[in-house]
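Report on the following structure.
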Amino acid sequence: MRIAMVGSGYVGLVSGACFADFGHQVVCVDNDADKIAALVQGNVPIFEPGLDALLQINLRAGRLTFTTSLADAAREADAIFIAVGTPTRRGDGHADLSYVYMAAEEIADVARDGTVIVTKSTVPVGTGDEVERILKARRPEAHLPVVSNPEFLREGAAIEDFKRPDRIVVGTDDDDARRVMSEIYRPLYLNQAPLLFVSRRTSELIKYAANAFLAMKITFINEIADLCERLQADVQDVARGIGLDNRIGGKFLHAGPGYGGSCFPKDTLALVKTAEDVGSPMRIIETVIDVNDKRKHRMAQKIITACGGSVAGKRIAVLGLAYKPNTDDMRDAPSLTIIPALIAAGATIIAHDPESMESARPLLTGVRMMDDPYAVIDGADALVIITEWNAYRALDLKRVRETLAKPVVVDLRNIYRPAEMAALGFSYHAVGRG
């Protein structure tokens, strides 16, 4: 199949590279000429494990190409995917769909009759209807069926998720579109990945409902962690105990400083706004958003308390800046709330992250960043773990103890064993491990 991918950001790049690896001919389009020039040379602008190698393999094989010309990409395409950003719109919390609609207008002018138009971007319910209206207004004579095909990619494991998905959701009532989408995903369908055909609006809602549920699950275990601290219980044992129930499952039951990233914050907010608009409020998700926002501020206070009630004039070593490991994504990362709060309280922050320091520098002005985690720790009055990179799990804890000016460790990801930390002489503060 011949595929055009409009948008060469995270979703577009991963999807385009994986489709090409299936044997399809894929052209990724972006209006950023510098980005396209870099991609043509095989340089990936984001960090995603395995993506650079996958991109280069398919570039060399001629299955994956990049261009700034949508007209060239669309000329022979069987399907055109819209994979542009849908950030939160300033002022009202709704998803900003301007990029989606601009893409639809451009596609209408260049798509050949019969091309399937696929919305891969995360969009509120009813967006496909508006894309269809735009296409018909500009090309009333053309048959351009509009399909919803949401992505379910975890940053840091996106290629694995794409190639071994839990499910593939396709929203369409058009027989031609169903045939094209079945052919595009045939390599996965042969591997027995569930291909779920639903209505377009149902497909759009599935994406938001999934992310809202996972955000709720994270927020639930974080509140249980707070309760554990008051009751001298261990949240990790609680999570294990409830996660073994097949009805609940163990994933997303890891207590921490709150969720962040490119999806959960904006998607939960967009779902709440959509529900408000149609008079069906999502009170649970409203609470999830509020609790998660406040939690990040509470984590800053937790650090201050661990440091004796004040961080004024103290040097705090921070390990981990990205919102999760195996990505350089800083969007809504807990560090963006915690670190400024510590600075406002008088602390000096020295930080390290294996991948996100370049992204973090303009967002965390006044923070000194260093390439060596031990250099960050050297002479610090406290060590704070915000992101659970594997490299931090393997630190030489005896060296850490000797290097710190004061043996205070605030582990917001519970990556160490309390008994071991106590035996090494640390004043160890975890989350929900009373």
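Odds and ends about this structure:
- Put simply, of GLU151, GLU141 the only residue that is within 24 Å of ASP328 (Cβ to Cβ) and at pLDDT 95 or above is GLU151.
- Given (1) outside any loop (DSSP other than H, G, I, E, B); (2) within 31 Å of the chain's Cα centre (by Cα), number of the condition GLU402 does not satisfy: (2)
- In region 63-86, the residues that are within 12 Å of GLU106 (Cβ to Cβ), in a loop (DSSP other than H, G, I, E, B) and either in contact with a Ser or Thr (Cβ under 9 Å, 6 or more places away or on another chain) or among the hydrophobic types (A, V, I, L, M, F, W, C) (or both): VAL84
- Any hit, region 280-296, residues being within 22 Å of ILE415 (Cα to Cα) and either more than 21 Å from the chain's Cα centre (by Cα) or touching a residue at least 60 places away in the same chain (Cβ under 8 Å) (or both): yes
- Subset of region 383-413 (residues that are among the polar types (S, T, N, Q) and surrounded by fewer than 21 Cβ atoms within 10 Å (Cβ to Cβ)): ASN390, THR403
- Region 84-96 residues that are under 14 Å from VAL11 (Cβ atoms), paired with ones that are among the polar types (S, T, N, Q) and modelled with pLDDT of 90 or more (beta carbon under 8 Å, 6 or more apart): VAL84/SER121; GLY85/SER121; THR86/SER121; THR86/THR122
- Test: residue in region 250-264 that is surrounded by fewer than 16 Cβ atoms within 10 Å (Cβ to Cβ), touching a helix residue (DSSP H, G or I) at 6+ places or on another chain (Cβ under 6 Å) and within 30 Å of VAL410 (Cα to Cα): yes
- Selection status of ALA333, of a type in the set (Gly, Ala, Ser), part of a helix (DSSP H, G or I), out of contact with any strand residue (DSSP E or B) (no Cβ under 6 Å at 6 or more places or on another chain) and under 19 Å from GLY258 (Cβ atoms): no
- Where a residue in region 215-227 is under 19 Å from LYS324 (Cα atoms) and its partner, wherever it lies, is of a type in the set (D, E, K, R) and assigned to a helix (DSSP H, G or I), with Cβ under 7 Å and at least six apart: ASN222/ARG295
- All positions within region 1-58 that are over 23 Å from the mean Cα position of the chain (by Cα) and of a type in the set (Lys, Arg): ARG2
- Looking only at region 245-279, residues that are under 26 Å from the mean Cα position of the chain (by Cα) and in a loop (DSSP other than H, G, I, E, B) come to 18 in all.
- A single entry from ASN43, ASN58 fulfils the requirement of being among the polar types (S, T, N, Q) and not in a helix (DSSP H, G or I): ASN43.
- All conditions but one from (1) part of a loop (DSSP other than H, G, I, E, B); (2) polar (S, T, N, Q); (3) free of Cβ contacts under 8 Å to residues at least 60 places away in the same chain apply to GLN301; the one that does not is (1).
- Hey, ILE289 touching a strand residue (DSSP E or B) at 6+ places or on another chain (Cβ under 7 Å), among the β-branched types (Val, Ile, Thr) and outside the structural domain of ARG154 (by TED's automatic domain parsing) or not: no
The values are calculated or read from the model by the stated rules, or taken from the named source; none is laboratory data. Keep in mind that this is a model prediction, so the values were computed, not measured. All Cβ positions, glycine included, derive from the backbone under ideal geometry; neighbour counts span all protein chains shown.
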